[in-house]
1. Which of the numbered conditions does residue 138 fail, given that it passes all the others? Conditions: (1) in contact with a strand residue (DSSP E or B) (Cβ under 6 Å, 6 or more places away or on another chain); (2) more than 28 Å from residue 252 (Cα to Cα).
2. Output the residues belonging to segment 155-182 that are open to solvent by 50 Å² or more (accessible area, probe 1.4 Å), hydrophobic (A, V, I, L, M, F, W, C) and not in a helix (DSSP H, G or I).
3. What are the residues in segment 136-148 that are closer than 14 Å to residue 194 by Cα and open to solvent by 20 Å² or more (accessible area, probe 1.4 Å), if any?
4. Looking at 72, 133, can you tell me which residue is among the acidic types (Asp, Glu) and either under 30 Å from residue 261 (Cβ atoms) or open to solvent by 50 Å² or more (accessible area, probe 1.4 Å) (or both)?
5. Examine segment 21-31 for a residue that is buried (at least 21 other Cβ atoms within 10 Å of the Cβ), modelled with pLDDT of 95 or more, over 30 Å from residue 343 (Cα atoms) and of a type in the set (A, V, I, L, M), and state whether such a residue exists.
6. Can you tell me which of (1) surrounded by fewer than 20 Cβ atoms within 10 Å (Cβ to Cβ); (2) over 23 Å from residue 210 (Cα atoms) is the one residue 152 doesn't meet?
7. What are the pairs with Cβ atoms under 7 angstrom where one residue, in segment 15-27, is under 10 Å from residue 42 (Cα atoms) and the other, located anywhere, is not in a helix (DSSP H, G or I)? Sequence gap at least six, or different chains.
Amino acid sequence: MKKRHNNQSSNITITSEDIFKKRWQKLHHPTMDVNGDVAFYYGVYKQFHDIAKGSARNMNEYYLLQLVMLVENTVSVDIDSSYSVVYRSLGNMAFYWCDKLDLSTKDTNLLYNAFTQAVADAPESSLKQWIKECVLSGDFQKLKNVASYFAIQDRTVRRIYPNLQYRKDAFLELAGGDMKKAKEMLESDLAFNWHDKEGCTLLSRIAESFKMDENGKEVIANLKTVQPMQLDSYLPFESKDDGYIVTVMKKDNTTIDVIFPVRVSKKKIEDMCFVGQLVTYLGKTYINGPIAWLDKNEFDLWDSDIFFDSIHDDEEEDAKHKSFTTKFGNRYTMHQDLYGEFEKDINGFYTDEPNILDFLNFLGEISERNKSNEMTSSENK
């Protein structure tokens with residue numbers, strides 16, 4: 001149990017609204033306009049700051065901003081909460097950031113209450129509106145902006161990825177040592193091809209958040225057309241639209257027209273094959289991220305299963321050697337969490353631990369006890 005502690009955090013100056021707005025914008029995709037609700041989230045930030053400064057031993061601006069981001073995510077798409085139910089290592093993400101701040105039990109409780117109230121009070125979400133506009137535009141690049149934003153920026157999602165070093169190394173080798181190209185390949189893979197342990201992609205999770213949204217049916221319909229194809233080799237043999245659309249042959253000898261972001265030269269079409277990721281969206285197929293051009297003879301030799309089987313084996317083995325401890329003291333390996341299932345009761349709570357409602361009641365009791373002790377101490381003085 002945490003004890004109340006003295007610190008120097010209360011001397012930290014709160015960020016001005018102008019600075020907050022600049023930092024808030026940087027935390028979002030450059031194409032998203034945060035103006036619609038930035039004033040509200042600055043108010044939330046100030047409230048969180050005022051509570052945290054009372055006892056935080058690690059008064060870190062980044063942690064506070066991530067807690068405010070969690071409010072926005074919960075209001076907009078709530079994938080953080082859904083993943084917290086699926087993955088045991090996450091726990092309650094609001095408490096995760098409170099723990100990072102290293103707050104007293106009393107202030108943890110106060111901050112969590114402020115968090116839940118902020119979620120209830122939040123106005124129409126600029127983030128959700130941006131997602132909606134991107135998806136309804138029918139523009140593949142805008143769709144990718146959404147997928148990439150959550151794949152790269154969302155801290156909850158990043159905590160449930162396997163050890164990405166094995167993918168980084170493999171993509172770097174495929175990219176011929178080009179770090180920038182390898183990074184873009186990896187991010188494109190995570191944005192569209194990564195599946196959580198329930199088999200859902202990030203975009204399919206986002207689609208779920210529009211089920212109760214007014215006029216959300218069209219967004220869901222568009223997202224249902226997304227069909228990502230993981231890295232594989234393709235043989236081009238005909239170009240259209242001045243080289244921006246190329247007919248390619250797949251390993252099963254079927255053909256498909258693929259839209260490229262840049263013009264493909266005749267020489268490449270005649271002499272080479274490529275290894276890359278594709279995504280079909282609204283009936284059209286697009287190149288997803290950078291590709292590697294190889295000699296035409298490599299088409300049949302390059303094997304996607306061999307490439308990924310090695311990566312997945314290394315990721316699983318790595319997860320067996322890492323562990324975590326839950327709030328209630330149970331210890332598990334990351335492999336159990338990332339690849340296995342835990343028994344839950346009818347309400348979705350883990351059967352071997354108190355549920356989160358019990359935990360919140362426990363925090364409430366601690367808070368009331370602290371208040372009572374403070375009042376008694378004051379009266380004695």
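The values are calculated or read from the model by the stated rules, or taken from the named source; none is laboratory data. Bear in mind the structure is a predicted one, so any value in this text is a computation, not a measurement. All Cβ positions, glycine included, derive from the backbone under ideal geometry; neighbour counts span all protein chains shown. Side chains included, ligands, DNA and RNA excluded: accessible areas come from the protein's heavy atoms. Shrake-Rupley method; radii C 1.70, N 1.55, O 1.52, S 1.80 Å.
1. The failed condition is (1).
2. Those that are open to solvent by 50 Å² or more (accessible area, probe 1.4 Å), hydrophobic (A, V, I, L, M, F, W, C) and not in a helix (DSSP H, G or I): none in segment 155-182.
3. First, pick out the residues of segment 136-148 that are closer than 14 Å to residue 194 by Cα: 144, 147-148.
Residues satisfying the conditions are 144, 148.
4. Just a single option satisfies the conditions, and that option is 133.
5. No.
6. Exception for residue 152: condition (2).
7. Pairs found: 24/34.
To keep it simple, each residue is scored yes or no on (1) among the polar types (S, T, N, Q); (2) in contact (Cβ under 8 Å) with a residue 60 or more places away in the chain.
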| position | (1), (2) |
| --- | --- |
| 193 | yes, yes |
| 198 | no, yes |
| 212 | no, no |
| 222 | yes, yes |
| 226 | no, yes |
| 235 | no, yes |
| 244 | no, no |
| 249 | no, no |
